Amino acid sequence: MNNYETVLILNPVLSEDQVKESMGKFRELLTSFNAECVLEELWGLKKMKYLIQNKKTGFYVLFQY
C-alpha cells in the first residue's frame, strides 16, 4: 500500500469553523476514493515565502493517507 501526504493552504480570511469545514470536505473526498486518512494536522496560520493570490499568510493543513 502506498502512503501519500498533502499540505493544503487555505485562505487566511476564513474563520476557524470554515477551516474545519474545508478539512472535513477534503477528508470526505479522500474516503470517496477509498483512501484511509492516517493523520490530519492543523498547523495554523503561517507566513508564506511567496504570495498566493496576493496573500502573505495561509492556514496550513497536513493530511497523510
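The table below gives the values:
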quantity	calculated
Proximal charge balance of Val61 [Cβ under 15 Å; K/R count +1, D/E count -1]	-3
Check: the chain dipole with +1 on Lys, Arg Cβ and -1 on Asp, Glu Cβ, in debye	460 debye
Estimated vicinal HN-Hα couplings, Hz - the stretch 4-21 in sequence order (Karplus 6.51, -1.76, 1.60; Gly, Pro = x)	10, 9, 9, 10, 8, 10, 9, 4, x, 8, 6, 7, 4, 5, 5, 5, 4, 5
Å² of accessible area per residue within the chain, as computed with a 1.4 Å probe and no ligands counted	79 Å²
Entry for Rg/Rh (Cα atoms, Kirkwood Rh) (calculated from the structure that is shown) out of [x] 1.01; [y] 1.15; [z] 0.90	[x]
Nonlocal Lys pairs with alpha-carbon distance under 14 Å, the chain (8 or more apart, or different chains)	4
For the chain: relative contact order, % (alpha-carbon pairs under 8 angstrom, 6 or more apart)	49 percent
10 Å beta-carbon shell around Leu42, net charge (K/R +1, D/E -1)	-2
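The values are calculated or read from the model by the stated rules, or taken from the named source; none is laboratory data. In this text the structure is predicted, and so the values were computed from the model without any measurement. Counting neighbours? That spans all protein chains shown, and the Cβs are built from the backbone with ideal geometry, glycine included. Heavy atoms of the whole protein, side chains included, go into the accessibility calculation; ligands, DNA and RNA do not. Shrake-Rupley method; radii C 1.70, N 1.55, O 1.52, S 1.80 Å.
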